[in-house]
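Shown next, in structure tokens, is the structure this report addresses.
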Amino acid sequence: DVKVTQSSRYLVKRTGEKVFLECVQDMDHENMFWYRQDPGLGLRLIYFSYDVKMKEKGDIPEGYSVSREKKERFSLILESASTNQTSMYLCASSLEGGEAFFGQGTRLTVV
Amino acid sequence: DAKTTQPTSMDCAEGRAANLPCNHSTISGNEYVYWYRQIHSQGPQYIIHGLKNNETNEMASLIITEDRKSSTLILPHATLRDTAVYYCIVRVGAGGFKTIFGAGTRLFVKA
């Protein structure tokens with residue numbers, strides 16, 4: 001079975017901190033994605049990557065950056081965390097043209 | 001990717017079939033219909049997908065109308081564990097999973 005692992009289930013960070021959310025997949029998928037999920041808004045795509053060192057902006061990239069140095073790992077970076085970035089963050093991976101597999105999510109609270 | 005419309009919530013009695021509708025009237029010829037579900041506090045889980053033929057797997061059946069403008073996900077014998085938010089999305093098969101998940105349908109299965 002495909003496994004997508006996010007490093008933390010819950011995180012609490014202070015405003016202005018630099019925050020790293022890590023995601024690792026074990027099925028050699030080319031594509032990896034970061035979403036955030038907020039009540040009433042569904043999942044919104046932040047960034048995605050279709051290959052090592054490649055990245056593309058999703059629909060809400062402002063305030064975020066990403067890093068993909070190895071195929072299996074995709075990191076989401078909040079350069080200076082703000083309270084409006086309090087959310088559930090979901091990582092996913094997929095083969096080209098295949099269904100996406102999601103991690104369990106990281107619930108981030110910025111205080 | 002085409003937009004989808006789903007009811008906000010539905011109820012179903014345990015043991016009965018749950019039929020979840022989805023409208024995707026602007027779907028293109030090369031776009032697939034995907035269904036995911038999200039149980040509280042977990043990442044979304046893939047259920048099924050199809051292009052124009054009806055599909056069935058161990059979890060559910062997918063019925064797509066002939067004009068492909070709508071579809072129905074059928075859970076043949078709903079259980080309490082099927083209580084979740086169900087997302088219908090359409091996307092091009094190749095090109096990654098860069099789609100937006102809407103608010104979905106919250107299905108309540110009642111004993």
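The condition of being closer than 24 Å to A:Val110 by Cα, without any contact (Cβ under 8 Å) to a residue 40 or more places away in the chain and surrounded by fewer than 16 Cβ atoms within 10 Å (Cβ to Cβ) holds for only one of A:Leu41, A:Leu45, that being A:Leu41. Taking region A:1-23 as the range and being touching a Lys or Arg at 6+ places or on another chain (Cβ under 6 Å) and either within 14 Å of another protein chain (Cβ to nearest Cβ) or within 12 Å of A:Phe101 (Cβ to Cβ) (or both) as the test, only A:Tyr10 passes. For region B:33-58, filtering for residues that are of a type in the set (A, V, I, L, M, F, W, C) and surrounded by 16 or more Cβ atoms within 10 Å (Cβ to Cβ) leaves 4. Among the residues making up region A:56-107, those that are in a loop (DSSP other than H, G, I, E, B) and more than 12 Å from every other protein chain (Cβ to nearest Cβ) are A:Pro61, A:Glu62, A:Gly63, A:Lys71, A:Glu72, A:Glu79, A:Ser80, A:Ala81, A:Ser82, A:Thr86.
Screening A:Lys53 against (1) within 14 Å of chain B (Cβ to nearest Cβ); (2) at pLDDT below 95 leaves a single unmet condition, (1). Taking region A:32-44 as the range and being within 9 Å of chain B (Cβ to nearest Cβ) and at pLDDT below 90 as the test, the residues that pass are A:Gly40, A:Leu41, A:Gly42, A:Leu43, A:Arg44. Six or more apart or on different chains, Cβ under 6 Å: which pairs go from a residue in region A:48-59 that's touching a residue at least 12 places away in the same chain (Cβ under 8 Å) to one that's β-branched (Val, Ile, Thr)? Could you list them? Hits for this filter: A:Lys55/A:Val66; A:Gly58/A:Ile46.
Being at pLDDT below 95 and either among the acidic types (Asp, Glu) or in a strand (DSSP E or B) (or both) is the filter here, so list the residues in region B:86-104 that pass it. Hits for region B:86-104 are B:Tyr87, B:Cys88, B:Ile89, B:Val90, B:Arg91, B:Val92, B:Phe101.
The values are calculated or read from the model by the stated rules, or taken from the named source; none is laboratory data. Small disclaimer: the values here were computed from a predicted structure and weren't measured. Methodologically, a virtual Cβ is constructed for each residue, glycine included, from the backbone with ideal geometry; neighbour enumeration extends over all protein chains shown.
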